[in-house]
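Every read-out reported here was derived from the displayed coordinates using simple, explicitly stated rules and does not represent laboratory data. Values in this document were obtained by computation on a predicted structure and should not be read as measured data. Cβ atoms come from the backbone with ideal geometry, glycine included; neighbour counts cover every protein chain shown.
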Amino acid sequence: MDLRPVVAVVALVACGGHQEGARPAPGLEERVLAGGVAPSAGTTDIAAANPFKGDRPSAAEGERTFAAMNCDGCHGGGAVGFVGPSLRDGRWRYGGSDGQIYQSIFAGRPRGMPAYGGLLPAGAIWRLVTYLQSLEPPPNVPTESWR
Amino acid sequence: MGRMTLPVVLATALAPAAAGTAGAVQRGSWTMPANDYASTRYSDLREITPANAPRLRPVWTFSTGVLGGHEGQPLVVDNTMYVVTPYPNVLYAFDLTREGYPLKWKYRPPVDPNALGIACCDAINRGAFYASGKIVYNLLDGHTVAIAAATGKELWRTRIADLSEGETTPVAPLVVKDRVIVGASGGEFGIHGWLKGLDLETGRIVWTAYNIGPDSEVLARPGVFKPFYDRGEELALRSWPPDVWRAGGAPVWGWMSYDADLDLLYYGTGNPAPYNPEQRAGDNKWTASVLARRPEDGALVWAYQFTPHDSWDYDGVAEMILTDVVIGGRRRKALVHFDKNGFAYTLDRVTGEVLVAQPFVDVNWAKRVDLATGRPVIDSTKLTGASRGNIKDICPTLEGGKTPAAPAAYSPRTGLFYLATNNMCMDYQATRVTRIAGTPFIGANTPYHPGPGGKMGGFIAWDAAAGRSVWQTPEPYPVWSGALVTGGDVAFYGTLDGWFKAVDARTGKALWRFKVGSGVVGNPISYAGPDGRQYVAVYAGIGGDWFLLSGDVRSDDPADVRPPADFMPDIARHTSQGGIVWIFGL
């Protein structure tokens, strides 16, 4: 899948202006809904495996989605961390398995991570996961030594 | 309603009284963010002098238990100190009459944690306002609360902003008579910026004035709204492409002032959204502007845009300091403003005319400000946009030549302004961006590097009539603390690497410093204790933009480890996050 369906969905949402979100699926009441659109329930499985794992074209597409969906606005360019946490340090608040990262994007997390499951099809989310998994932790962890 | 201004020529004759609101407060109180409606951050207390300042010592500290950036400042009223923390916006009341300053009470409001993901730049709060026995402040998630100062009881709580539209509310309110004036952040989320006036007794929203859009919503009425440089109707609509203004930014996250004689309320507006200027052709009025309104009904009286069609994220929300300034032998009712864009403006606050505009740091995006038109003369090679690629070496950065987060101070005794500065430049790669509600709407990548000379900050004294600095002290890091100046001619500020400093207000000579445990992004205050002695209080607690930018300054989240900031890789060697209230005395 390419990005076109994603962009089309976003354009639709943007043109719709300040639309009220539909009632979110159970468990999502405390989440921000990206674009005001609630994910449908029942499509997340934290035990699921990433179908694109290690696929470089998928990672590149995920990187484009990371910018197109404004993920970089909170997590920083290259996902190094900004107002939101770093996503390339190999450390995860909510678990770093394929399915757990998917779940974080799909359903959002408390403290402001929006739920993107209402905007992004499963393939686009998996490609985002692929992109994040492709990132190398920074070589110099600055807490370790000072010269 | 308190004093407004002192002419510079008479400056040494009088000291300002602490400005009261609706009832007398004792001398030496600090009842509002900037101590007075003129936003001077001047205390007339004079026990601490350049001669004895080296003997300053800490007399009390208190951990707030919160690690977010501690911007803003405490209040002191009736021998009680009030402290608002960053999210979750706890309000502490300390009894200064008792040993160890124990708590009188503590107010813990409900605050939506999702605000943490909507606030652009850490979960900061810029402070409270005391009026008529109430402590009034904003919660990060879009609520204003009024708390009984004596008991800690919540009197009212009003929803003023909408998180789902990207609005958060770290701004400190200003209370004028029976109006509580509030605004919202969200220039990075494509909000439709506004100012609101609430009823002090009930919290009811009396008026809403948008900063952009049609005259009917901007409250620009024929015969009342008279900008100095602009003519015609629908200025804040016609200076935008159709409908783009609806998500055009113009947040209100800085500081407000009030002139009781003119009955005018002054505040600045933030950046237009998004950062990619090619998505919003036109001047984008009234973003990056100063607006003068009637507090009673919000009517717009004049407006002036510092940075038309802002292409660099130069918010205009910094404090508007109201003083009289003698220019060309003529005393003017002035408004002095140190903009993110690097120019210091001296305006006529009656009309909005620009009297003086000179750079106070290295500036290269504009050559000068044309006083005939009020417009900057822009260096077109520094214009940004998605089609223009990566524009290199723009000075100052979008952090500002001075950040609005760190307000300046003015001494009627020296006639000088005191401010923290940043000496950094940036590259600016704008990109096309789509607004998705609940997510950032930015559209630029803007890495920083140190400005000329390599020292990234400073603390300076400024002559607003001449438009030049009188002295300047370089600092190795950007300086993000507000300034305080006192009747003893001592100025105070703090640094990102955690020093709190006193300098001679006349010469800039360093007098004293103390390492306060975390970088300072708050604003010092001075007050008289129950013992009649002079004290100085300040928060330590690095954060705000430096939560985003400093790299590894946090240790509370093992799931978030960052590389150092490439433009100041060793800041984390000197500070980590914290949240400490400090009080110093002789």
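Report the full-extension gain for the segment B:R513 to B:D370: residue separation times 0.36 nm, less the Cα-Cα distance, to one decimal in nm.
Here the answer is 47.4 nm.
For a label point 7 angstrom out from the Cα of A:Y94 toward its Cβ, which stretches of segment B:160-203 have the backbone nitrogen within less than 12 Å?
Zone members listed by number: none at all.
Write out the GluC sites (Glu not before Pro) in segment B:230-281 meeting two conditions: DSSP loop, and at most 13 other Cβ atoms within 10 Å of their Cβ.
Passing sites in segment B:230-281 are B:E233.
Could you give each residue of segment B:313-324 its phi-based ³J(HN,Hα) in whole Hz, using Karplus coefficients 6.51, -1.76, 1.60 with θ = phi - 60°, and x for Gly or Pro?
6, 8, 3, x, 8, 4, 3, 10, 8, 9, 9, 8
Can you compute log10 of I(q)/I(0) for the protein assembly as shown with the Debye formula, treating each Cα as one identical point scatterer, at q = 0.06, 0.09, 0.10 Å⁻¹?
These q points yield log10 I(q)/I(0) values of -0.32, -0.74, -0.93.
With +1 on each Lys and Arg Cβ and -1 on each Asp and Glu Cβ, and nothing else charged, work out how big the dipole of segment A:45-135 is about its Cα centre, in Debye to the nearest 20.
The dipole magnitude comes to about 180 debye.
Classify segment B:134-283 as rounded, prolate or oblate, taking a ≥ b ≥ c as the square roots of the eigenvalues of its Cα gyration tensor: rounded when a/c is under 1.5, otherwise prolate if a/b is larger than b/c and oblate if not.
Because a/c hits 1.5 or more and a/b fails to exceed b/c, segment B:134-283 counts as oblate.
Given Cα pairs under 8 Å that are at least 6 residues apart, what percent is the relative contact order of chain B?
Answer for chain B is 15 percent.
For a footprinting-style exposure proxy, rank B:T351, B:T414 by other Cβ within 10 Å, fewest first.
B:T351, B:T414
As a footprinting exposure proxy, order A:E61, B:E319, B:E188 by other Cβ within 10 Å, with the fewest listed first.
Listed from fewest to most nearby Cβ atoms, that is A:E61, B:E188, B:E319.
When we measure straight from the Cα of B:K392, which lysines land under 21 angstrom away, once same-chain ones fewer than 8 places off are left out?
B:K340, B:K367, B:K382, B:K402, B:K455
Tell me which residues come under 5 Å, amide H to amide H, from B:D78 once H is placed; ignore anything under 5 positions away on its chain.
Under 5 Å from the amide H of B:D78: B:Q26.
With 10 angstrom as the radius, rank B:D362, B:D112, B:D531 by how many other C-beta atoms surround their C-beta, starting from the fewest.
B:D531, B:D362, B:D112
What is the Cα centroid distance between segment B:418-462 and segment B:225-256, reported in whole angstrom?
If we compute the Cα centre of each part, the gap is 23 Å.
Partner chain Cβ atoms within 10 Å, averaged over the residues of A:107-118 - can you pull that number for me?
Mean partner-chain Cβ count within 10 Å for A:107-118: 4.
Give me, ordered by chain and number, the residues 5 or more places off B:V180 or on other chains with an amide H under 5 Å from its own placed amide H.
Counting only residues 5 or more places away or on other chains, the set is B:L198, B:D199, B:L200.
In peptide A:85-95, how many Cβ atoms from other protein chains are near each Cβ within 10 Å, on average?
Counting other chains' Cβ atoms within 10 Å and averaging over A:85-95 gives 4.
What does the charge dipole of the protein assembly as shown about its Cα centre add up to, to the nearest 20 debye, if the Cβ of each Lys and Arg holds +1 and the Cβ of each Asp and Glu holds -1?
The dipole of the protein assembly as shown has a size of about 1140 debye.
Quick one: which residues, 5 or more positions from B:W471 or on another chain, have an amide H under 5 Å from its amide H? H modelled 1.01 Å from N in the peptide plane, none for Pro or chain starts.
Counting only residues 5 or more places away or on other chains, the set is B:A461.
Rounded, prolate or oblate: pick one for segment B:8-585, where a ≥ b ≥ c are the square roots of the eigenvalues of its C-alpha gyration tensor, a/c under 1.5 means rounded, and failing that, prolate if a/b is larger than b/c, else oblate.
Note, shape of segment B:8-585 comes out rounded.
Sequence gap at least 6, Cα distance under 8 Å: using those rules, report the relative contact order of segment A:45-135 to the nearest whole percent.
That works out to 41 percent.
Give the cross-link partners of B:K134 among the lysines, using a straight C-alpha distance below 25 Å as the criterion and excluding same-chain residues fewer than 8 apart.
Counting by Cα, and skipping residues close in sequence, B:K134 has these lysines nearby: B:K104, B:K106, B:K153, B:K177, B:K196.
From the phi angles alone, apply the Karplus equation (6.51, -1.76, 1.60; θ = phi - 60°) to segment B:198-209 and give each ³J(HN,Hα) in whole Hz, x where the residue is Gly or Pro.
Residue by residue, segment B:198-209 yields 10, 7, 4, 6, 10, x, 5, 6, 8, 8, 10, 10 Hz.
Before rounding to the nearest 500, sum -39500 (n - 2.57) across all DSSP H runs of length at least 4 in chain B and divide by the residue total; then give [θ] at 222 nm in deg cm²/dmol.
-500 deg cm²/dmol
Under unit Cβ charges (Lys, Arg +1; Asp, Glu -1), what dipole magnitude, rounded to 20 debye, does chain B have relative to its Cα centre?
1100 debye
List, in order, the whole-Hz ³J(HN,Hα) value for each residue of segment B:351-359 obtained from phi through the Karplus relation with A = 6.51, B = -1.76, C = 1.60 and θ = phi - 60°; use x for Gly and Pro.
Running phi through 6.51 cos²θ - 1.76 cosθ + 1.60 with θ = phi - 60° gives 10, x, 6, 7, 9, 9, 8, 9, x Hz.
Per-residue Cβ counts within 10 Å, from other chains only, averaged over A:61-74: what number is that?
Shielding by partners across A:61-74 averages 4.
Within 10 Å of each candidate Cβ there may be at most 16 other Cβ atoms; applying that plus a DSSP loop requirement, which trypsin sites (Lys or Arg not before Pro) in segment B:402-432 survive?
B:R432
Which of B:L195, B:Y304, B:S518 sits closest to the plus end of the dipole of the protein assembly as shown, meaning its Cα is farthest towards the positive end, when Lys and Arg get +1 and Asp and Glu get -1 on the C-beta?
Most positive-ward Cα: B:S518.
Classify segment A:45-135 as rounded, prolate or oblate, taking a ≥ b ≥ c as the square roots of the eigenvalues of its Cα gyration tensor: rounded when a/c is under 1.5, otherwise prolate if a/b is larger than b/c and oblate if not.
Taking the square roots of the gyration eigenvalues as a ≥ b ≥ c, segment A:45-135 is rounded.
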